[in-house]
Amino acid sequence: MADMTVKIPFLTRVRYFSVETDRVEGRLTSHLERLRSAKANQHEIDLTEDDEAKIKRRAKFIRNLRQGYVSARSLKNEDRVPLKKVSRGVTLNGPVSVDEVDDLGAALHEEMPWMQPVTEKIWLDMRNHIQSGGVGTKFSPTLMIGPPGIGKSHLARHLGALSQTPSVIVDVSAATEGFGVVGSQRTWSSSTPGRPVQTILDTSVGNPIVVVDEICKAGIANSTSGASTSVLHALLGLLEPVSARNWDCPYYQTSFDMSHVNWILTANLRDKIPDALRSRMRIVSVPALTTDHLIKFAEKQVSNRGLRDEIVEDILRLLSAYPERHPMRNLRTVTKHLDDIEALCRMPILM
């Protein structure tokens, strides 16, 4: 993939970070001493009490002025470090030409042909994005409706690997996991930033692929102080392009540009999704996996992992142990079996 780094602003409100008054005084003192010594042609200059008083007043003025621009001034120092890292912007990773998008789309289809209803739309979105002058991985928010174990998480990881874009998967079936998407306010005892924001801060990449799994099971979480949060409500602002450009993070208490994030939501039942959320997404139904799909997937994985071809027959026997439409006849079962076999193959031989 061609290297074409493009940086975009990520912090939409924070412009400066506050500094201690004594540090400002030190810099002003050094500057005045250099000016005086150059003018008097002397190496050492003694400042007067009036000079020191003026420096103190000026340092206080500068600190107060800069403090007014710091929307995250209540943060701890350790929380300001990741914000400083992206203060000059974040990059957009992914394809930079239509040819690269086509190669990516073909690789996705070859790996997961049963996902064509989704991968085809993502491919076309990315193609239109590049043709209109955009850069990097970008597709419309997509809601995948289908049974569990069809490879929704694998799709995100594979798409991320192909496009060199970070991916993160959040399961919101448990109420507290809703915090994994949007983060939590500091009024909560275990406050944390959301995983999409944390991924951007960790990688300095502004267009990660975020999979919100089991969105149909998301509920409302309540803190001991009476505060509550709903991942469904919070997602509305993240999926709406206008509000996402200036999204208020409850943890960092400042605004980020989240409009470049790529969203994939998954659900087993369509009627469990609120209308407000459905209206902001493209809805795609994905059918259940057939045995043929699972075996072809296993064949590719066996080849990619350098395992023996006979392992495919083991997987076929494993799947045959379950009746048709059994919940264990899915991609998770095949992947776990392959992981276990690969781990055994890598174990050292005891003498």
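Residues of region 98-129 that are under 22 Å from His260 (Cβ atoms), open to solvent by 40 Å² or more (accessible area, probe 1.4 Å) and touching a residue at least 40 places away in the same chain (Cβ under 8 Å): Lys121 alone. Tallying residues that are open to solvent by 20 Å² or more (accessible area, probe 1.4 Å) and touching a strand residue (DSSP E or B) at 6+ places or on another chain (Cβ under 6 Å) within region 282-323 yields 3. On the basis of being within 30 Å of Lys272 (Cβ to Cβ), modelled with pLDDT of 95 or more and buried (at least 21 other Cβ atoms within 10 Å of the Cβ), does Phe139 make the cut? So Phe139 passes the test. Could you tell me whether any residue of region 224-236 is open to solvent by less than 30 Å² (accessible area, probe 1.4 Å), modelled with pLDDT of 90 or more and more than 30 Å from Gln116 (Cβ to Cβ)? No, region 224-236 contains no residue that is open to solvent by less than 30 Å² (accessible area, probe 1.4 Å), modelled with pLDDT of 90 or more and more than 30 Å from Gln116 (Cβ to Cβ). In region 121-167, the qualifying residues are those that are under 19 Å from the mean Cα position of the chain (by Cα) and hydroxyl-bearing (Ser, Thr, Tyr), and the one that is nearest to Ile283 (Cα to Cα) is Thr142. Of all residues in region 268-288, none satisfies being closer than 30 Å to Asp79 by Cα and either touching a His at 6+ places or on another chain (Cβ under 9 Å) or part of a loop (DSSP other than H, G, I, E, B) (or both).
Is it the case that region 329-336 has a residue that's of a type outside the set (A, V, I, L, M), at pLDDT 90 or above and open to solvent by less than 50 Å² (accessible area, probe 1.4 Å)? Looking through region 329-336, none of the residues is of a type outside the set (A, V, I, L, M), at pLDDT 90 or above and open to solvent by less than 50 Å² (accessible area, probe 1.4 Å).
Residues in region 123-175 that are polar (S, T, N, Q) and not in a strand (DSSP E or B): Asn128, Gln131, Ser132, Thr137, Ser140, Ser153, Ser163, Gln164, Thr165, Ser173.
The values are calculated or read from the model by the stated rules, or taken from the named source; none is laboratory data. Computed from a predicted structure; not experimentally measured. In this analysis, Cβ positions are derived from the backbone assuming ideal geometry, glycine residues included, and neighbour counts consider all displayed protein chains. The protein model used for the area step is the full one, side chains on, heavy atoms only, and it has no ligands, DNA or RNA in it. Shrake-Rupley method; radii C 1.70, N 1.55, O 1.52, S 1.80 Å.
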